[in-house]
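Inspection log for the structure reproduced underneath, given as structure tokens.
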Amino acid sequence: MGILSINMDDPMDVDALDAFLKIAEYRSLSAVAKLYGVPKSTLSLRLKQLEGELNTSLFLREGRSLVLTEAGQTLRTHAADILGRCEAARMAVAETLDDASGMLRIGATGEFGTAFYSQMLFAFRRRYPKVQLDLSFFSPHTLYLPERQEMMDAIISWDDGNAGQGGAEQLWTDRFCLYASRDYLARMGTPATPAELEEHQAVMFRQPAGPQLWLLQRDAETLSILPRSDLFANEYWTVKYFAVASEGIAYLPSFFTQIECERGDLVRVLPGWESAQQRVTLRVMRPSALSRRMGAFIDFCRDYFSPGYVFNGPRYYVETIFNPTNTTQTGEQR
């Protein structure tokens, strides 16, 4: 067992501590190098220098993962505190400036990263170019763990069940509906009632506990449907791709299919039926000590999700370009 020995005449490098914390989180030099764009050799050098200053090993290798030693666990607590104080100092200086600036760390559930969060944060960067962004996606099961919350300035979640805790603010709502391609409906017929869904093929989103149920309601009637399917994916872009590719009916939020419906690549199925409202919420981790950039982000989110806001930026969608298996269309899905 290594002894944590610190040489006070040779203060630890903040960059080395930051690298150490990132390696401790992801348990891999390669993963950190890929995620943060830092050469693996640089991370390795910083870690070796830190271990040399402390005269102890901070990690042990178990298979392909790095595991903290007892000394590493001790340093992790102190390193997080040191970097937190450094960030607080930077925030205090930034508060004296006229413009919002500095690093903003946002955690989010990752269901609709490119179509939802990336688009929103692109618009935020256009308005506040001096603010740096670090966006991390987590599953709803890990997003609200205490160690995650300590890393984040704010969390944006898509109806994850925890949003009501800690004073989260509702930004927006949407509903899931059923969608299919015109080619699929021409081939298989258009269901007129929920009961007729039994005759159709579904493209299913798979949650950790199993396939996502289709929860539909119309007036006072509520249904829970588990349709027949041989296509499952735990990523909504894949589900939408197969729906556009005429492989079945999919259960998707309306914002996520807007462009495909406008282009005619998808159409609503059973338009009178839809899910209950799904919430998008913003939870600020330290509301009693808002930085200028965090205040700017809160105001921007409220503006972005207001009815009159118009987004002017790149949008991402599944486009039918060339499909050699379909003689009535031109296009393979991308």
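For a footprinting-style exposure proxy, rank HIS200, HIS78 by other Cβ within 10 Å, fewest first. If you can, show how the numbers build up before the last one.
Details: HIS200 20, HIS78 13.
Least to most surrounded, the residues fall as HIS78, HIS200.
Its Cα centre serving as origin, the range 14-92 has a Cβ charge dipole (Lys and Arg +1, Asp and Glu -1) of approximately 320 debye. Here CYS86, CYS301, CYS177 are placed in order of increasing Cβ neighbour count within 10 Å, fewest first, which gives CYS86, CYS301, CYS177.
Both radii come from the Cα set of the range 20-136: Rg as radius of gyration, Rh as Kirkwood radius; their ratio Rg/Rh reads 1.03. Taking θ as phi - 60° and the Karplus parameters 6.51, -1.76 and 1.60, the scalar couplings of the range 248-260 work out to x, 8, 10, 10, 9, x, 5, 4, 6, 10, 4, 5, 4 Hz in sequence order, x denoting glycine and proline. Between ALA24, GLY72, THR56, the Cα set farthest toward the positive side of the dipole of the range 14-92 (charges on each charged residue's Cβ, about the Cα centre) is that of ALA24.
When the charge dipole of the range 176-269 is built from unit charges on Cβ atoms (+1 for Lys and Arg, -1 for Asp and Glu) and taken about the Cα centre, the candidate among THR190, THR238, LEU216 whose Cα reaches farthest toward its positive end is THR238. Remark on ILE249: its backbone amide H falls under 5 Å from those of GLN201, ALA202, VAL203, a criterion applied only to residues 5 or more positions apart or on other chains, H modelled at 1.01 Å from N. Working ranking of peptides 215-225, 266-276, 183-193 by packing, defined as the average number of other Cβ atoms within 10 Å per residue, highest first, is 266-276, 183-193, 215-225.
Of all beta bridges that DSSP places with both ends in the range 184-288, some 55 percent have antiparallel geometry. For the range 176-269, the spread of Cα positions along the three principal axes, ordered from largest to smallest, is 31, 30, 24 Å. Only the Cβ atoms of Lys and Arg (+1) and of Asp and Glu (-1) were treated as charged; on that basis the dipole of the range 176-269 about its Cα centre amounts to roughly 120 debye. Shown here for the range 39-94: trypsin sites (Lys or Arg not before Pro) in loop regions (DSSP other than H, G, I, E, B) with at most 16 other Cβ atoms within 10 Å, namely ARG64. For MET151, MET204, the sequence from fewest to most other C-beta atoms within 10 Å is MET151, MET204.
List the chymotrypsin sites (Phe, Trp or Tyr not before Pro) in the range 285-317 that DSSP assigns to loop (not H, G, I, E or B) and whose Cβ has at most 16 other Cβ atoms within 10 Å. Which are they? Numbers along the way, then the final one.
Details: sites: PHE297, PHE300, TYR304, PHE305, TYR309, PHE311, TYR316, TYR317; in loops: PHE305, TYR309, PHE311, TYR316, TYR317.
Answer in residue order: PHE305, TYR309, PHE311, TYR316.
Computed from backbone phi with θ = phi - 60° and the Karplus coefficients 6.51, -1.76 and 1.60, the 3J(HN,Hα) list for the range 180-190 is 8, 7, 4, 5, 4, 5, 5, 7, 10, x, 9 Hz; x is used for glycine and proline.
FYI, it's all coordinate maths here, none of it is from the lab. Quick caveat, the model's predicted, so the values are computed rather than measured. Because the Cβ atoms are built from the backbone with ideal geometry, glycine has one as well, and the counts that use them run over all protein chains shown.
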